[in-house]
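Participant: One structure is given below, represented as structure tokens, and several questions about it will come after.
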Amino acid sequence: MNQQFLNKIKITESNKKILKNIVAPMLWTTEKTSIHRNSSILNKSYNFTQEPTVGSLVYCQLGTAEHSGIYIGNKKIIELNGKGEIRKVELREFTNNILSVDKDIFIPVMKHQMIPIGHEKIAKEAIKNLSGRRKYHLFQDNCHQFAAGCMIGDLDNDCNYLYMVKEEFAKFLCLEESNIVWVRWKWYLD
């Protein structure tokens with residue numbers, strides 16, 4: 001929408017009700033990123049405790065943004081951190097950020113079977129880049145770009161947002177995005 005048009009809309013009590021009851025649910029059903037609410041239909045399996053598959057794209061919530069990485073097994077994730085370091089971290093370290101809202105990690109599962117999905121080639125590509133450095137930038141060279149690079153085979157790609165990485169993940173696995181559900185992995189309950 002045009003920003004000038006949005007600036008002209010006055011937020012009244014009736015507009016708030018419309019936004020809350022009509023517009024927001026419509027957006028929730030069409031958006032490509034998971035809704036981080038317990039009651040979300042995208043997170044039906046709220047207390048999912050099964051470990052992700054090696055080579056799964058995983059992410060956690062950081063305030064209004066997300067932090068992504070590649071799961072390599074044994075409760076380890078390879079990430080690109082805010083200092084530009086590609087490193088292997090424990091689950092606690094992956095979710096331990098001053099902006100973290102919770103400790104849940106979102107993992108991909110097949111919609112109807114609720115089985116975690118991933119691919120070893122993605123994990124191998126992440127491991128190959130371990131100990132590397134990037135010129136980190138929040139919008140132009142970030143963790144999402146790194147995770148997508150592990151699927152594409154090129155860390156210098158244009159996938160700087162979570163929804164783009166999810167698209168690449170589905171493409172890599174030859175799946176429709178609609179067949180992937182992102183559930184909260186309660187790893188700390190194990």
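Participant: Mind listing which GluC sites (Glu not before Pro) in region 100-190 are in a DSSP loop and have 15 or fewer other Cβ atoms within 10 Å?
Facilitator: Values: sites: Glu120, Glu125, Glu167, Glu168, Glu176, Glu177; in loops: Glu176.
Counting only loop positions with at most 15 other Cβ atoms within 10 Å, the GluC sites (Glu not before Pro) in region 100-190 are Glu176.
Participant: For each pair in Lys103/Lys124; Lys75/Lys128; Lys76/Lys171; Lys128/Lys186; Lys83/Lys166, compute the distance between the two Cα atoms and list the pairs where it is over 21 Å. Spell out each step's value before the answer.
Facilitator: Working: Lys103/Lys124 26 Å; Lys75/Lys128 18 Å; Lys76/Lys171 24 Å; Lys128/Lys186 28 Å; Lys83/Lys166 23 Å.
In this structure, Lys103/Lys124; Lys76/Lys171; Lys128/Lys186; Lys83/Lys166 exceed 21 Å between Cα atoms.
Participant: While we're looking at this one, here's another question. Could you give the length gained by full extension between Ser100 and Leu130, i.e. 0.36 nm per residue of separation minus their alpha carbon distance, to one decimal place?
Facilitator: In short, 8.4 nm is gained.
Participant: Right, next: Please list, by residue number, every one of the chymotrypsin sites (Phe, Trp or Tyr not before Pro) in region 135-190 that is coil in DSSP and has at most 14 other beta-carbon atoms within 10 Å.
Facilitator: Sites meeting the loop and neighbour criteria: Phe139.
Participant: With Kirkwood's inverse mean 1/r over C-alpha pairs for Rh, give me the Rg to Rh ratio of region 74-148, two decimals please. Mind dumping the intermediate values first?
Facilitator: Details: Rg = 13.4 Å, Rh = 13.7 Å.
Ratio of gyration radius to Kirkwood radius: 0.98.
Participant: About the Cα centre, and with charges only on the beta carbon of Lys, Arg (+1) and Asp, Glu (-1), how big is the dipole of region 53-138? Nearest 20 debye, please. Provide the component values of the computation, followed by the final result.
Facilitator: Numbers: 14 positive and 9 negative charges, 73 e Å.
I would put it at about 340 debye.
Participant: In square angstrom, rounded to the nearest 10, how much accessible surface does Lys124 have for a 1.4 Å probe?
Facilitator: The value for Lys124 is about 130 Å².
The values are calculated or read from the model by the stated rules, or taken from the named source; none is laboratory data. Since the model is a prediction, treat every value here as computed from it, not as a measurement. A quick note on method: Cβ atoms are made from the backbone with ideal geometry, for glycine too, and the neighbour counts reach across all protein chains shown. Just the protein is used for accessible areas: all its heavy atoms, side chains included, with ligands, DNA and RNA removed. Shrake-Rupley method; radii C 1.70, N 1.55, O 1.52, S 1.80 Å.
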